[in-house]
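The values are calculated or read from the model by the stated rules, or taken from the named source; none is laboratory data. Model, not experiment: these values are computed from the prediction. Using ideal geometry, Cβ is built from the backbone for each residue, glycine included, and neighbour counts are taken over all protein chains shown.
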Amino acid sequence: MGFILNRPSEIQLHQLLTELEITAVAPERSVLIGGPVSGFSGFVLYEHDDGRPMGPGIEVSSSISVSPAREILEAGARGDLPGRFELVLGYAGWAPLQLEAELERGAWLHAPFDPELLFDVPMERRWQETYDRLGVNPHGFINVPGGAQA
């Protein structure tokens, strides 16, 4: 399971929260399209105190978790999370061993997780910023059988 973190949807956060009857004080922004699987399922990527996630979900790092729980979304909307959050609809998914095979073929260029990319870099700059931090020119790749090659 993974999430696309730089693709805005046409849905605005406050619009969705209103439909869910959740009062919002959180800043308005686009909800992210997290991937092609289960596009109506919501996930909250959020900051929390070190080692202390606020509800059910998966810890991405000691201070970042992802949760499908409504109570986490409600806390974010009210401004009651200790940090920032993004709401994503849907996710990217792989069959067993599919991702490993794609990695072996060189289909992915991966980078270390950095919460700054998620919360401090504007959505439209995240893709390019990730390449910049790796010191890679994405326009230098060519599409050939067997994966991404420079």
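Summary of computed values
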{"read-out": "Members of the range 17-31 found to be more than 16 Å from Gly79 (Cα to Cα) and buried (at least 18 other Cβ atoms within 10 Å of the Cβ), listed by number", "value": "Val31"}
{"read-out": "Within the range 56-74, tally of residues that are surrounded by fewer than 20 Cβ atoms within 10 Å (Cβ to Cβ) and at negative phi", "value": "12"}
{"read-out": "Selected residue (only one of Gly39, Gly83, Gly34, Gly2 is in contact (Cβ under 8 Å) with a residue 24 or more places away in the chain, under 16 Å from Phe119 (Cα atoms) and loosely packed, with under 15 Cβ neighbours inside 10 Å)", "value": "Gly83"}
{"read-out": "Filter result for Pro145 (more than 16 Å from the chain's Cα centre (by Cα), modelled with pLDDT of 90 or more and farther than 25 Å from Pro8 by Cβ)", "value": "no"}
{"read-out": "Some residue of the range 80-92 being over 14 Å from Phe3 (Cα atoms) and among the charged types (D, E, K, R)", "value": "yes"}
{"read-out": "Single match in Ala92, Ala111 (criterion: among the hydrophobic types (A, V, I, L, M, F, W, C) and touching a residue at least 60 places away in the same chain (Cβ under 8 Å))", "value": "Ala92"}
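Results for (1) farther than 12 Å from Leu5 by Cβ; (2) hydroxyl-bearing (Ser, Thr, Tyr); (3) at pLDDT below 90, shown as yes or no for each residue.
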position	(1), (2), (3)
Arg105	yes, no, yes
Val121	no, no, no
Gln128	yes, no, no
Gly135	yes, no, no
